[in-house]
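Single-structure report; data block below.
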Amino acid sequence: MRMEITVAEFKELFKGLGSPDELFEMLRVDIREQVGRYFTELMRTELTGFLGRERYERQQEPSNHRNGSYERSITLKGIGEVTAKVPRDRLGTYRTQVLPRGRRYEKGITEDLSLMFLTGISTRSLSLISRRLLGRKLSHTEISEANKELSDAIEQWRSRDLSKEAIKFLFIDGVNFKMRVGDSVDNVPVLAVIGVTHNGFKTVLGLQSGDKESASSWREFFKDLKQRGLNTDDVRLGVMDGLPGLETVFKEEFTHAKTQRCQVHVARNVLAKVPKKLKKEVADEIRSIFYASSKKKAQQFFRDFEKKRQRDLPSAVKCLGNSLESCLTYLEFPEDEWISLRTTNVIERLNKEFKRRTRPMEIVAGENACYRLLAFISLKMELHWRSTPVGKVRRNLPFFNNFN
């Protein structure tokens, strides 16, 4: 389309403009109107092809006819809300392919809304800023519906084939979320497992709703991993805290693997039985046991601790003694992997990100909504983990430069 304007008209036009912003707004309005007319003409041409004749062209045999039009609005990325006239036929059989059915905005906006939601903006906040961003206010219900389109992709990721993943270590834990279940709000645990490949790279293998205090929930979770192709013969170690029944179930499902109990959780349990004035001293003694250079030395340090504290702190000594062997399993693996295998810090870091992202929401809107958020966070964390493999020191750390 060609637009012509004289010099006098141009001068007159700019006299009425107070600032460039007014010009920009005028251009946006004009563009929206032009796009609306363009869509209208496209659909009129489409209807002509559907009916098989031009407007006012008569046919001898009875046939379908044009039957007016109705207005339809759609929001386009970078343009805003556009209004077009959708033609109708008398028989009601014409369906336009120009505008998407049942949607008031293009797919690109759906993807952008989902991405902004996943990165931390709530549906209500998106609704408030949508007019500024898109040119039309979207309700929080519309934004929630847009996010649901991710569900199929998330389910594919959660149920993906694991047969090509050579996993040697598993980090296992669960985290609670305030979740809407029917008409009530409950604390719902989600079980999580991070796998470490033989190259030291971490990946989230599974996320599944279940009671983290229930051995049967963990058993079903582990069976699901195996059904998806996880090779149990490759798994050599499971790192976990002292959840009831978890170690027993893990050993039954992964018969070639050993278990490592998180030293941080054990130390907390022991110190909970120690008077405040002795906590620092006892903590240093526990640290000496856990950070011994060999299993033999760790056992000797524990015997010294037992001899020193048995009289005054028998409960603390018993608590540490019951968990000692499980806390020292990491010593059977290469020394450069010890720092990663002592604790569940790897998966605790993931859980911390889960909590940080869901904290502004207060309540997660159901299990599928929870999976969408957690899957996005998991994939984002995996990008970070690529530069921090288990048992490997990053070669770009400053002190390495001194040896180059």
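The values are calculated or read from the model by the stated rules, or taken from the named source; none is laboratory data. The model shown is predicted, which means the values in this text are computed figures rather than measured ones. Please note: Cβ atoms are built from the backbone with ideal geometry, for glycine as well, and neighbour counts cover all protein chains shown. Just so you know, the surface numbers come from the protein's heavy atoms only, side chains and all, with ligands and any DNA or RNA stripped out. Shrake-Rupley method; radii C 1.70, N 1.55, O 1.52, S 1.80 Å.
Quick notes
- Inter-label distance for Asn176 and Asn231, nm, one decimal - labels placed 7 Å from Cα along Cα-to-Cβ: 3.9 nm
- At the residue level, Val185 shows approximately 60 square angstrom of accessible surface with a 1.4 angstrom probe and all protein chains present.
- Whole-percent carbon and sulfur share, accessible surface of the stretch 30-109, 1.4 Å: 46 percent
- Karplus 3J(HN,Hα) series, Hz, for the stretch 254-267 with 6.51 cos²θ - 1.76 cosθ + 1.60 (x for Gly, Pro): 10, 5, 9, 9, 10, 10, 10, 8, 4, 5, 5, 5, 5, 4
- Potential lengthening between Lys277 and Lys297 on full extension [0.36 nm per residue; Cα-Cα distance subtracted]: 4.5 nm
- Potential lengthening between Arg104 and His256 on full extension [0.36 nm per residue; Cα-Cα distance subtracted]: 49.2 nm
- One decimal place: the segment Glu332-Asp186 gains 48.4 nm when fully extended, by the rule 0.36 nm per residue minus the C-alpha distance.
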